[in-house]
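Everything on this sheet refers to the single structure shown next.
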Amino acid sequence: MIAENTQTQMRKGILEYCILSIISRDETYASDIIAELKKAQLLVVEGTLYPLLTRLKNNGLLTYNWVESTSGPPRKYYALSDEGRKVLEQLDKTWQELAFAVQTATGKKK
Amino acid sequence: MAGISLRCANRHRKKEIIAIPKKNHIMNKTIIININGTVFHIEEDAYEILKNYMTDVKRHFMNSADSHEITTDIENRIAEMFSEILAGGERQVIVEQDVKSIVEQMGSVQDFENAENGEDGPAQYAYNNSGSRTLFRDPDDHLLGGVCSGLANYFGVRAIWLRLAFVISIAFFATGIFLYIILWIVVPKAITRADRMAMKGEKLNLQGFKNSFEEEMTAVRNQFNNMQTEARPLVYKFRDFVSEFIYHLGIFFKGAGRILIKVLGVLILLACLGAAIALVVALATLTIWVNPHSHMFPFSVMTFEYANRLYIAGFFVAFIPVLFIFLLILKAIFNTGGIDKNVGSVIFIAWLFAVGVVIFYGTKVATNFRDEASFNQTVDLIKPSKNTYYLKLNDVKYFTHDDSLRLEIKSQFKDMVITNGNTYNDFQGNNMSLHIEKGDVAQPVLIETYKAKGRDYEDALINARRTKYIFSQQDTIFMFDRYLQRQDNAPWRDQEIELTLKVPVNTIVVIDNDMGDFMRDGVDLYQCRELNKKPDMPNAPFIMTENGLTCKVDTLVTPTVDTTKIIKKK
């Protein structure tokens with residue numbers, strides 16, 4: 001139970017960071033984000049992504065454009081806003097620190 | 001950005017349901033759905049799963065500020081996945097498997113919850129483990145629609161108390177029934193596991209209770225708004241409600257209702273039995289024991305010859321349906337008895353025949369009342385010695401020879417027997433009435449108007465003639481008989497007598513209390529006694545004025561005449 005909780009907490013923090021990173025490369029459609037996250041085994045089900053994207057957008061980190069699609073309804077293509085870029089930079093920095101911390105901490109065990 | 005508002009406006013999912021048989025070897029109902037502007041054909045089973053899933057998803061995000069946007073995104077994504085499935089061109093219809101795999105890909109509400117656990121985001125979700133409960137109808141524990149058990153779950157009490165409350169409230173103008181039906185329509189049924197979990201919730205603290213109550217009120221309000229804005233879904237909702245209602249009614253009758261029905265059935269059986277016995281007794285009484293010349297209504301209406309035929313036919317008209325209901329209920333409840341088809345049709349024909357006989361003789365009796373006739377007879381009275389008249393009711397009752405025999409009053413009496421008292425007479429109804437008018441001669445005049453009905457005018461007149469009314473005068477005392485008598489064997493034909501007594505102006509008329517029921521033209525003895533402040537008087541004084549009869553208010557004691565002083569006059 002405790003392990004589960006910690007796992008969720010860890011995943012959650014990383015998830016947002018990863019989403020922002022994926023979007024930072026190019027204008028991205030939700031299912032592309034999902035594909036990448038699935039590959040990275042960070043996300044299992046699609047449904048959880050939509051609330052996250054909406055929240056990030058509402059917090060001003062993301063913008064989106066409607067793009068007509070050949071198959072089905074128009075798609076939302078997400079991109080980082082200026083603020084999103086700043087946040088991502090901070091997160092990048094934090095991640096480096098964390099990675100170092102984890103490496104150091106787990107390295108000692110060996 | 002203009003696109004957003006456009007998409008949002010399109011957001012309402014409208015579902016049109018059209019049955020299209022598929023041309024495959026298996027016939028399957030197909031439904032056409034419209035997801036944000038794109039139309040798909042989907043099989044019914046698949047549609048049910050999709051609908052439940054979307055309902056769950058919408059509920060899950062209901063309390064999030066972005067619920068609109070999130071669910072639209074998910075719907076759009078599902079639409080896109082449908083398009084991809086159908087893009088191959090092999091199939092034209094979404095099947096159950098497609099929806100299942102899409103739901104798997106999207107993740108269940110449970111998955112969403114797991115992902116959100118411990119999150120401190122701005123969004124508040126209804127189904128996290130805050131212990132709040134949601135109002136649902138409970139499909140697992142229900143007598144009718146599960147409204148009571150749903151409420152019980154919500155408030156954390158036993159369902160029995162709420163059911164009891166509903167049943168009791170029915171006594172108060174059936175408010176409970178209306179409330180129940182409204183709740184049945186408005187409150188959603190707990191379909192999925194998530195619903196049921198939310199319904200049963202953890203223990204509530206006061207704050208949580210308040211919050212979730214407000215949420216529920218919003219949800220219920222939304223339901224109402226939807227009902228107003230979308231007429232078609234309301235129609236569907238009502239249709240669902242009706243079918244569900246009938247379904248539950250069936251279950252109710254199978255279960256608890258079954259005992260109730262049996263009890264009711266036994267009661268009806270007993271009632272039938274009672275009715276049958278009563279009918280047999282009535283028939284026997286009428287045909288064997290009742291004197292055919294009875295003066296009692298309604299038997300007095302009929303002439304003797306066909307009375308018995310009418311009674312017997314009437315008996316069958318009433319008895320056969322009673323028997324039929326008896327056997328039918330016996331068959332329905334205890335699965336015994338029942339009527340053979342041939343026997344049944346014979347009985348039915350017998351019943352029709354009996355009805356025919358009743359109608360035939362009924363109309364025959366009725367034709368005897370078709371016309372009406374009356375004649376007047378003026379009796380000049382002897383001028384009384386005084387200016388004060390006393391109006392009395394003659395309590396002497398004349399019995400016919402037959403009546404006196406039957407009542408064993410005097411077996412050997414030839415013509416009539418006379419008795420005092422008025423108990424027996426009540427059978428005949430009041431057929432005498434008295435008007436008192438201003439006369440233009442110095443002596444009193446009595447006009448007797450005899451009335452009766454008959455087949456035709458002549459018959460009516462004969463019926464009116466075959467009567468006897470006895471009025472007697474002893475100086476100032478006028479004795480009125482209580483009844484218009486029918487002569488022997490004359491059937492009852494609504495015979496009546498209307499008496500008009502004309503008295504000179506300034507005559508004082510003292511009317512006995514017994515006469516009160518027979519007085520017409522608004523002569524009120526009670527009121528007059530009250531005016532004289534002597535409510536216990538045995539009679540009331542009136543005086544004839546130019547404007548008619550009025551109460552004579554007098555301080556003097558009204559002279560009374562003792563009946564014993566009546567001198568017999570020729």
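Just so you know, all these numbers are worked out from the coordinates, no wet-lab data involved. Keep in mind it's a predicted model, so treat the numbers as computed, not measured. So basically every Cβ, Gly included, is an ideal-geometry build from the backbone, and we count neighbours across all protein chains shown.
List of remarks:
- Temperature 4 °C, viscosity 1.567 mPa s: under these conditions the Stokes-Einstein estimate for segment B:57-103, based on its Kirkwood radius over C-alpha pairs, is 109 µm² per second.
- Using just its DSSP H runs of length 4 or more, each adding -39500 (n - 2.57), chain A gives a mean residue ellipticity at 222 nm of -22000 deg cm²/dmol after division by all residues.
- 10 Å beta-carbon shell around residue B:81, net charge (K/R +1, D/E -1): -3
- Taken residue by residue and averaged, Cβ atoms of other chains lying within 10 Å of the Cβ of A:53-59 number 5.
- Principal axis box of segment B:329-382, alpha-carbon based, largest edge first, Å: 80, 22, 11
- Residue B:65 long-range amide H proximity, modeled H, under 5 Å: B:124
- The three principal axes of the C-alpha atoms in segment B:130-170 carry coordinate ranges of 36, 17, 13 Å, sorted with the longest axis first.
- Per-residue average of Cβ from other chains inside 10 Å of B:517-529: 0
- Ratio Rg/Rh [Cα only; Rh per Kirkwood] for chain A: 1.03
- With a threshold of 26 Å on the Cα-Cα distance, the over-threshold entries among B:383/B:453; A:12/A:76; A:38/A:76; B:386/B:552; B:383/B:533; A:12/B:51 are B:383/B:453; B:383/B:533; A:12/B:51.
- Cβ-based net charge around residue B:324, under 15 Å, with every Lys or Arg adding one and every Asp or Glu removing one: +1
- Among B:364-375, A:87-98, the order from most to least packed when residues are scored by Cβ within 10 Å on average: B:364-375, A:87-98
- Per-residue shielding of B:60-72, expressed as the average number of other chain Cβ atoms within 10 Å of the residue Cβ, stands at 3.
- Ranking A:17, A:96, A:6 by how far each Cα lies toward the positive end of the dipole of segment A:1-104 (charges on Cβ) leaves A:6 at the top.
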